[in-house]
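Report on the following structure.
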Amino acid sequence: MNVYGQFQRDEKYPLEALIWGHRLRDNQHWIEYLLEFLSVLVGYDYSFGRGTQPHQKYRIPKRLGLRRFIFYDKYEKTQDSRDDRAVKMLREALVNKVEQNKYDAEATLQQIQVLLRSFAVIEDNRSWYAKSLFPAHENLLLWEALRKRSTKDTYRGPVDHFSADDLDESIEFNARNFFARGGELYYLIISAGTEHDSERRERIARSLWRLLTEQNQSLGELASLIDQTWQEQKQSPDNDAQGSPGWIPDPDCKLYQQFAEDLDILLDNSLDALESLELLAHLICFHVILYIYHRAHPQHDPSLCQTGKCLDVCRPELLIDIPGDEESQKVRSLSANQLRLHEQWQVERVRRYIKAKVEAIAKQTPPDQFLDQIRAEVDRYLGGIRRKGREQFEKNMQSFEPKVLAGYTAHMLDQVVESLDEVMGRNFRDHFVSVHRRLGRSIGLIAPLRGPQPRFVLGDNLLKTLTMTVIPAGKTMTFGQFLETLYARYGIIIGPGEARKAQFFKRSRTNEGVFARNRDRFLLRMKLAGLLTQYSDATAMVHRP
Amino acid sequence: MARVQNPFVDYLNRYTTASPNHEAAFDEYIAAAQPPAAGPLRLQTKIERFLLEVYNKDRPPSVILTGNAGDGKTYLCRQVLRTFGSPQVSDLLWESLVDRPIERNGTRLFVVKDLSELSEEKGKEILDRLGEGLNNPANPNRYLIAANEGRLRQLLSGLPHRGELSQTINHQLENGAEITNESLIVINLNRVATSTFVPETLRWMTDPRHWHDCQQCHARDKCPIRYNAEQLANNEIVSRVQTLYQLLEAIGEHLTVRDMLIHFAYTISGGQTCRKIQQAGSDLSQFVYYENIFGRADDEGFRRKSHLTQLLARLQIGQHSSFEIDEFILSGGKTSDETFIHQKLFGETIDVNFKQFNQDRRAYLEGSDNSRAQDALKWLPHCRRKIFFTGSIHHYYRLLPFRFFQEYHQLYRSSGERIDEQTLRLFVKGLNRAFSRLYLHEDQHLYITAQYLHSVNQPHPLVLFRIPIDNIRLFFDETAADYIDVTRYTLCLDISPPRTSQNQEPLKWRLGILQFEYIMRLAVGGNFAILATECELDIRRLKDELIKRFAPTTLDQHVVEFFMPARSRYELRRLRINEHRKIVAE
């Protein structure tokens, strides 16, 4: 299999990884894709293309002093006497770092804490070591950490004699519950997409470097000072933690190049850093969703990716519902169908994969060894399958014995496939298939957040993001051209023109009028968002905000 | 007395109702039709004078005229052709002028009276030819092109190799025509303030020669059309009408000459004809000019067609109660002066259905007849509107939906003098709130802030930089021009760069009345949602422009300034890391 990244030969990758790379998982918050991506990039010194060799690890600054200072307080979910003491030590040391003047040092420290915490981007009800800050500066990037066994046990030992080094002991950085490798995956995608375009690679890296270091330097300074103060309490300063990336399939896929192009154009803007990063977060998640749909497409095949035809053939069909009154219900239900379809594609993709495997085995193995081979295959993928599932699987296998010996039939093979799907596809169903919905809702591609009939929409931020990837700085294009480009690049369908290209009128009994009104509402949306100017003769030109 | 038909009423109605295209308001129609009693309307406009001067030169430049339908592009092209000695212009001639120029003194003039009428290919070809001639002064070809801005921009976006042409067109559209440019002048007729022509137009429409025939009509005394023509000759009323137009322009709307002609024709006639009036029943008060001007509820058709009327209707003048005014209307006046004025205003005229209004009013005051009392209240919106145009006791702006119109007007009247300090501070406070989206109380500095909007905790906006109030001026700038009738004065914000900025050029920003209102309302505690649709984007662009121009180039990376919620308000805080790596709160 053709991969980009670090593929471990002896690791048991689940099914969905073999299709979509290692890995994407549903408990990664949408902002964490951005955070993880930037952390990996910074960890590789703002270079893309690293991480393909086993020794190439990215460094992860621990920043435990900073994190405790900001997040560990009396409301903390996982109280630990070690952290209590660590915070106390740090604050005492910090008081000495505050200039004595008419302002109370404690109050000043309090201000700093509140200021930094105002950039918190995920608190939820997580423990302090799993909370994150918006990366207004490189020094605010916090990698997911975990105090071993903290949720199970409460530390009861004495702490008064502990040194700072002791207090940080047992905190590790490879839990990957929240930083579940989605950002890594994106790093690999952009690396693969710029493998043959070093100029673009340079530009992107440089833009990101500027975003993270040129503005908000004072905030970065503050954060750095706090963390350094903690380092000073230790005998030997922290070594950075390290990580190595996963992998992605089909490195030559043209989709990766398209993503790199989008990123390049988006980053060429004159917005302030905070806004720019926010749009970037939207783009990353949008790309991830497109990536999932691309590889789930019924006609997707690695050989297509080699030739570059995959962009045309495997284009998704994102029919966007632009809300209005009256009869927009029609578009809404069509759009809801499309969302279900794109999920169904994923399910069927997994099934196709299993089926191909089963058929391959059937071809190469005589019937009497068939089931053993199947069992071996399952073992290869899932070492520690749960007992109950395993039992059921064994039962099924045994019931197949007599049928298999009688000879291969399509029906029997199907049953085997089904049984395998149940066992091997469990992780897929539990943790992968909801990724696109979760991300979609977060970035404004899918609505409603909770409620009936989820369908594709375009939130204002996402709309702004896509306008800035489609239209380079200083350029404009007509509204019609804009719609065409949205379709060509992303499979977005809003008006009748694109609906026709995607053959919607053949498949569903709708008329052009419904799509025409959808498009009209979209035009008004864009106008209100400051992305489109309509002149007195009704010519509409799209431009950046 | 005989039944009379005033032909001028028909003439007016051709503007408004007869044909769906308002053919009377089209230049082509006027040029061919029979002129009315006082002659056809010939507005004296600066732009016409300018163009004729330009084309009288030996080597005139090329000219592009952009504007909406009804701004006078075709009319101006026709006038230019006259100076080139062209005969009566026909459709055929227009078509041929695109490719076969008219010549004079070695200049070959191609005329395109509507770029949108040409196919996309042909349009691009013309612009291409124009672009080629730009760099080649020896080229005798000149172009006079009338276009809609949208179409022009669309065609230009398809001619990437004509960068210079695009640039100069863009520049002139954004910053005003370069009237001394010898190769190409681009004039945007959208900038014309049609309000300038209101008095001249009304004077022509109410010219006694047009209404002479009415003397013989037996319905003369009950005719609202004649009444309207009479009233609209009154200078005070004309001035008020002009103020309304200026108000719309200050809101940022562009009104075309055609819009105005259609609108005034309807204001006078109300869509009625002589015959209809003669045969009509009793109460014709609804056809008075101050009802027609906003569009009448019973004539939805006209409202739909006239954009200008819709805009005026949005102001909802007369629809909202103002206690003092309502009391005056119903009570008849408290003092003898007031009573006198009331009697003059609400006498026995057509627009109050002669005695009807006062009878209803008295019934209301006496508390006698219940249904009549209700009728009295129904007169209120109508009477308020009359007061708007002719009242002398109450300021007309009490009837406008603006809270800060008086301050706006004050600024206007004191243009050139120093602005009232209090108003400026209020404005700065409002601008601070608009930029930061927080109810700050700062009014000594303008703060340019940034914040992460989706923080799960309360945002603490970071101050990128600040501008002292001394650097800020708010005033009505003179924006008059010689070559075009534009608004004489425009509200301007002039901001000089702070010390930390490299760039020394001040920023000049034009504001409309809506933006002023939006900001002032925020300053006194108003809601961010009011006027947000109209103004939020503009304010954001102002902020972006300030950041682009004035952001400190040498960032002091050791200072962070931010707003922090403290007790009941947001307070400014400052933290610095000094040379000894110590944190200093300031």
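The values are calculated or read from the model by the stated rules, or taken from the named source; none is laboratory data. Because the structure is a prediction, the values reported are computed rather than measured. Cβ placement follows ideal geometry from the backbone for every residue including glycine, while neighbour counts extend to all protein chains displayed.
Observations on the structure shown:
- Filter result for B:Leu202 (surrounded by 22 or more Cβ atoms within 10 Å (Cβ to Cβ) and within 14 Å of chain A (Cβ to nearest Cβ)): no
- Residue in segment B:276-298 that is part of a loop (DSSP other than H, G, I, E, B), surrounded by 15 or more Cβ atoms within 10 Å (Cβ to Cβ), in contact with a Pro (Cβ under 9 Å, 6 or more places away or on another chain) and not acidic (Asp, Glu) present: yes
- Residues that are more than 7 Å from every other protein chain (Cβ to nearest Cβ) and not in a helix (DSSP H, G or I) were ranked within segment A:102-120; the one that is modelled with the lowest pLDDT is A:Lys102.
- Filtered residues of segment A:264-287 (kept if in a helix (DSSP H, G or I) and either touching a His at 6+ places or on another chain (Cβ under 8 Å) or hydroxyl-bearing (Ser, Thr, Tyr) (or both)): A:Ser276, A:Glu278
- Single condition B:Phe346 does not satisfy, out of (1) free of Cβ contacts under 8 Å to residues at least 24 places away in the same chain; (2) in contact with a Gly (Cβ under 9 Å, 6 or more places away or on another chain): (1)
- Search result, residues across segment A:447-491 that are of a type in the set (A, V, I, L, M), in contact with a strand residue (DSSP E or B) (Cβ under 6 Å, 6 or more places away or on another chain) and away from chain B (no Cβ under 14 Å): A:Val457, A:Leu486
- Of all residues in segment B:561-579, those that are more than 13 Å from A:Glu221 (Cα to Cα), at the interface with chain A (Cβ under 9 Å from one of its Cβ atoms) and over 44 Å from the mean Cα position of the chain (by Cα) total 0.
- Meets criteria (closer than 17 Å to B:Phe404 by Cβ, touching a Lys or Arg at 6+ places or on another chain (Cβ under 9 Å), in the same structural domain as B:Arg540 (by TED's automatic domain parsing) and in a loop (DSSP other than H, G, I, E, B)) for B:Asn503: no
Residues checked against (1) more than 14 Å from A:Lys254 (Cα to Cα); (2) touching a residue at least 60 places away in the same chain (Cβ under 8 Å):
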{"site": "A:Leu267", "(1), (2)": "yes, yes"}
{"site": "A:Glu275", "(1), (2)": "yes, no"}
{"site": "A:Leu283", "(1), (2)": "yes, yes"}
{"site": "A:Tyr291", "(1), (2)": "no, yes"}
{"site": "A:His294", "(1), (2)": "no, no"}
{"site": "A:His297", "(1), (2)": "yes, no"}
{"site": "A:Asp312", "(1), (2)": "no, no"}
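- Cβ-Cβ under 7 Å pairs, at least 6 apart or on other chains, segment A:465-479 side outside any helix (DSSP H, G or I), far side aliphatic (A, V, I, L, M) and buried (at least 22 other Cβ atoms within 10 Å of the Cβ): A:Ile471/A:Val542; A:Thr476/A:Val542; A:Met477/A:Val542
- Verdict on A:Phe432 being within 30 Å of A:His287 (Cα to Cα) and either surrounded by fewer than 17 Cβ atoms within 10 Å (Cβ to Cβ) or not charged (D, E, K, R) (or both): yes
- The set of residues from segment A:492-545 being over 17 Å from A:Met477 (Cβ atoms), away from chain B (no Cβ under 14 Å) and part of a loop (DSSP other than H, G, I, E, B) comprises A:Ala502, A:Gln503, A:Ser508, A:Arg509, A:Thr510, A:Asn511.
- Of the candidates B:Ile145, B:Ile126, B:Ile185, the single residue that is without any contact (Cβ under 8 Å) to a residue 60 or more places away in the chain, hydrophobic (A, V, I, L, M, F, W, C) and either crowded, with 22+ Cβ neighbours inside 10 Å or not assigned by TED's automatic domain parsing to the domain that holds B:Arg258 (or both) is B:Ile126.
- Taken residue by residue, segment B:319-328 has at least one member that is touching a residue at least 60 places away in the same chain (Cβ under 8 Å) and under 30 Å from B:Ala193 (Cα atoms).
- Residue within segment A:172-183 that is modelled with pLDDT of 90 or more, under 20 Å from A:Leu18 (Cα atoms) and outside any loop (DSSP other than H, G, I, E, B) present: yes
- Checked against (1) closer than 16 Å to A:Trp143 by Cα; (2) part of a loop (DSSP other than H, G, I, E, B); (3) in contact with a Phe, Trp or Tyr (Cβ under 6 Å, 6 or more places away or on another chain), A:Lys62 passes all but a single condition, namely (3).
- B:Leu546, sole failed condition from (1) among the aliphatic types (A, V, I, L, M); (2) at the interface with chain A (Cβ under 9 Å from one of its Cβ atoms); (3) crowded, with 17+ Cβ neighbours inside 10 Å; (4) within 39 Å of the chain's Cα centre (by Cα): (2)
- Test: B:Asn148 is among the polar types (S, T, N, Q) and more than 14 Å from chain A (Cβ to nearest Cβ): no
- Filter result (closer than 16 Å to B:Ser496 by Cβ and either in a strand (DSSP E or B) or among the hydroxyl-bearing types (Ser, Thr, Tyr) (or both)) within segment B:448-474: B:Ile448, B:Phe465, B:Arg466, B:Ile467, B:Pro468, B:Ile472, B:Arg473, B:Leu474
- Residue count, segment A:254-313 (criterion: hydroxyl-bearing (Ser, Thr, Tyr) and within 14 Å of chain B (Cβ to nearest Cβ)): 2
- The residues of segment B:549-586 that are at pLDDT 85 or above and closer than 30 Å to B:Leu514 by Cβ, listed by number, are B:Arg549, B:Phe550, B:Phe563, B:Arg569, B:Tyr570, B:Leu572.
- Scanning segment A:124-162 for residues that are at the interface with chain B (Cβ under 10 Å from one of its Cβ atoms) and surrounded by fewer than 17 Cβ atoms within 10 Å (Cβ to Cβ) yields one hit, A:Asp124.
- Entry remark, segment A:203-249: residues being in a loop (DSSP other than H, G, I, E, B), more than 9 Å from chain B (Cβ to nearest Cβ) and farther than 30 Å from A:Leu18 by Cβ number 8 in total.
- Of the residues making up segment A:71-99, those that are outside any helix (DSSP H, G or I) and more than 9 Å from every other protein chain (Cβ to nearest Cβ) number 9.
- Any hit, segment B:349-362, residues being farther than 30 Å from B:Ala219 by Cβ and among the aliphatic types (A, V, I, L, M): no
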